[in-house]
Amino acid sequence: GVHRQLLFTTVGWFVGYYLAKRTEYVHAKLDRELFEYIRHHPEDFKTTEKKRIGELLEDFIPIR
C-alpha cells in the first residue's frame, strides 16, 4: 500500500543522497591528487602558446 511506497521512497532518497555525496567525495579526492601531481611536476605539463581562431580553421573556399 501507501506505507510501502513511502518507505521505499524514503529509503531510495537516503541511498541516492549517500551515493551522490560519495561520488562528489571520490571526484574531489581525485582532483586534489591530480592537481598536486601537476604542481609537483610542472615539466610534464608545459603550456603551449595560444592559437588564434584563424590559425585553427581552414580557409573557406565556396564550391560552385
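The values are calculated or read from the model by the stated rules, or taken from the named source; none is laboratory data. Predicted model only: the values in this text are computed from it and were never measured. In case anyone asks, the SASA skips ligands and DNA or RNA and just uses the protein heavy atoms, side chains included. Shrake-Rupley method; radii C 1.70, N 1.55, O 1.52, S 1.80 Å.
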- [ ] For the chain, with all protein chains present and a 1.4 Å probe, just round the carbon and sulfur fraction of the accessible area to a whole percent.
- [x] 62
- [ ] If a/c stays under 1.5 just call it rounded; otherwise compare a/b with b/c (prolate if a/b is bigger, oblate if not). Do that for the chain, with a ≥ b ≥ c from the square roots of the Cα gyration tensor eigenvalues.
- [x] oblate
- [ ] Identify all lysines with a Cα-Cα distance to residue 21 below 18 Å; exclude those on the same chain that are fewer than 8 residues away in sequence.
- [x] 29
Task: Rounded tilt (10° steps) of 2-40 against the dominant C-alpha axis of the chain - done: 30
Open item on the list: Can you give me the accessible area per residue for the stretch 1-42, using a 1.4 Å probe, in Å²?
Closed with: 97
